[in-house]
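Student: Input: one structure, supplied below.
The values are calculated or read from the model by the stated rules, or taken from the named source; none is laboratory data. It should be emphasised that the depicted structure is a prediction, and the values quoted were computed from it without experimental measurement. Don't worry about glycine lacking a Cβ; one is built from the backbone with ideal geometry, like all the others, and counts go over all protein chains shown.
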């Protein structure tokens, strides 16, 4: 006959039930990744296409007329300010300068002669004035001498004017001789040649096109409704065409001027943005497209949640919120995206802990473990 020890059997059965219950609870608790709902500033922007414009660019023209003797540059060459681009034949201008120089020397010698003649007449007049008390004094001779002094003074003035005219002609000849060398007024790249050796150019004839690619700014046609947020000094960001828009490729630009002329067809105004490319190694070009991020409104603080926390079920957006080691479903209303996060319009508050990994199989009230 088998005798059962009821107290021991009941104790063993209870221990087994507790073990099974603990095991089930441990199996029900899921390991998840979480993230906190937080408050952060929101500054809305709108994309506007602009283009790079060179601060200095245009046609470099001849300042005097003459045949081209030598072209010093080719298309694509870089020149610095003051470098010689082309040389005109200067034989005639050289000798014209030498002639004007000789005429200036001649005029200077004539002036010295006129001064000596004037000084002599003045000296003779002084001697006659000293003989007024003498019997040899002649009033008629003194009057004639005064006229001679006046005539000598006029001759000296004419010589002075002739010298100024000669020196001016010499300076003009020197300038023309200097201008036989067409020089770069600013540093840049030669983009086009308009003439070649042997061609005759007149005053103002184009020689080359020059683009200053080291000093660029941005020009954009901005909708009039966005102009209020663009005052001189406002800093915006932009990306170059062909580059992905991330924090590493975004470059700063500053509003330099808003042109007060609105296009009635497009309702846009021209805005110029200054930016510094001096430290950039990018291969930039004029008229290259850029994408500006212009402010669409004032900056404000918003509550945001990570995109991975949001699940769409039956046309509604929900998240699993962790409370006391368990998760509960929380419906919410979302706004615009801020990078990897959504603006929360309703349903969450700052500091709430939401599940961002492992939330696809969760059930309301399920226990969770997280780091």
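Student: Are any residues in region 73-125 surrounded by fewer than 16 Cβ atoms within 10 Å (Cβ to Cβ), in contact with a strand residue (DSSP E or B) (Cβ under 9 Å, 6 or more places away or on another chain) and assigned to a helix (DSSP H, G or I), and if so, which ones?
Tutor: Within region 73-125, 92 is the sole residue that qualifies.
Student: Here's another thing I want to ask about it. Given the condition in contact (Cβ under 8 Å) with a residue 60 or more places away in the chain and over 30 Å from residue 73 (Cβ atoms), answer yes or no: does some residue in region 209-220 qualify? Walk me through how you get there before you give the answer.
Tutor: Start the filter on region 209-220 by keeping residues that are in contact (Cβ under 8 Å) with a residue 60 or more places away in the chain, which leaves 209-220.
From what's left, over 30 Å from residue 73 (Cβ atoms): 220.
Yes, region 209-220 contains a residue that is in contact (Cβ under 8 Å) with a residue 60 or more places away in the chain and over 30 Å from residue 73 (Cβ atoms).
Student: A follow-up question, please. Please verify whether region 301-315 includes one or more residues that are in a loop (DSSP other than H, G, I, E, B) and crowded, with 16+ Cβ neighbours inside 10 Å. Talk me through it step by step, then tell me what you get.
Tutor: Applying the first criterion (in a loop (DSSP other than H, G, I, E, B)) to region 301-315 yields 310, 314-315.
Checking the rest, the ones that are also crowded, with 16+ Cβ neighbours inside 10 Å come to 310.
Scanning region 301-315 turns up at least one residue that is in a loop (DSSP other than H, G, I, E, B) and crowded, with 16+ Cβ neighbours inside 10 Å.
Student: How many residues, within region 291-336, are closer than 25 Å to residue 366 by Cα and out of contact with any strand residue (DSSP E or B) (no Cβ under 9 Å at 6 or more places or on another chain)?
Tutor: Total meeting the criteria: 3.
This table checks each residue for (1) farther than 30 Å from residue 174 by Cβ; (2) modelled with pLDDT under 85; (3) in the same structural domain as residue 170 (by TED's automatic domain parsing).
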residue: 108; (1), (2), (3): no, no, yes
residue: 111; (1), (2), (3): no, no, yes
residue: 115; (1), (2), (3): no, no, yes
residue: 118; (1), (2), (3): yes, no, yes
residue: 137; (1), (2), (3): yes, yes, yes
residue: 159; (1), (2), (3): no, no, yes
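Student: Collect the residues in region 138-159 that are more than 10 Å from residue 117 (Cβ to Cβ) and touching a residue at least 40 places away in the same chain (Cβ under 8 Å), keeping them in residue-number order.
Tutor: Residue satisfying the conditions is 158 alone.
Student: Is it the case that residue 191 is free of Cβ contacts under 8 Å to residues at least 60 places away in the same chain and farther than 30 Å from residue 260 by Cβ? First the steps, then the outcome.
Tutor: Values: free of Cβ contacts under 8 Å to residues at least 60 places away in the same chain: no; farther than 30 Å from residue 260 by Cβ: yes.
When the stated conditions are applied, residue 191 does not pass them.
Student: Can you name the strands (runs of 3 or more DSSP E) wholly within region 186-273 that have at least 1 residues being modelled with pLDDT under 90 and either on the phi < 0 side of the Ramachandran plot or out of contact with any helix residue (DSSP H, G or I) (no Cβ under 8 Å at 6 or more places or on another chain) (or both)? Reasoning before the result, please.
Tutor: Details: elements: 188-193, 206-211, 216-223, 235-240, 251-263.
Where strands (runs of 3 or more DSSP E) fall fully within region 186-273 and carry at least 1 residues being modelled with pLDDT under 90 and either on the phi < 0 side of the Ramachandran plot or out of contact with any helix residue (DSSP H, G or I) (no Cβ under 8 Å at 6 or more places or on another chain) (or both), they are 235-240, 251-263.
Student: How many residues are surrounded by 13 or more Cβ atoms within 10 Å (Cβ to Cβ) and under 23 Å from residue 110 (Cα atoms) when one looks only at region 165-184?
Tutor: Qualifying residue count, region 165-184: 9.
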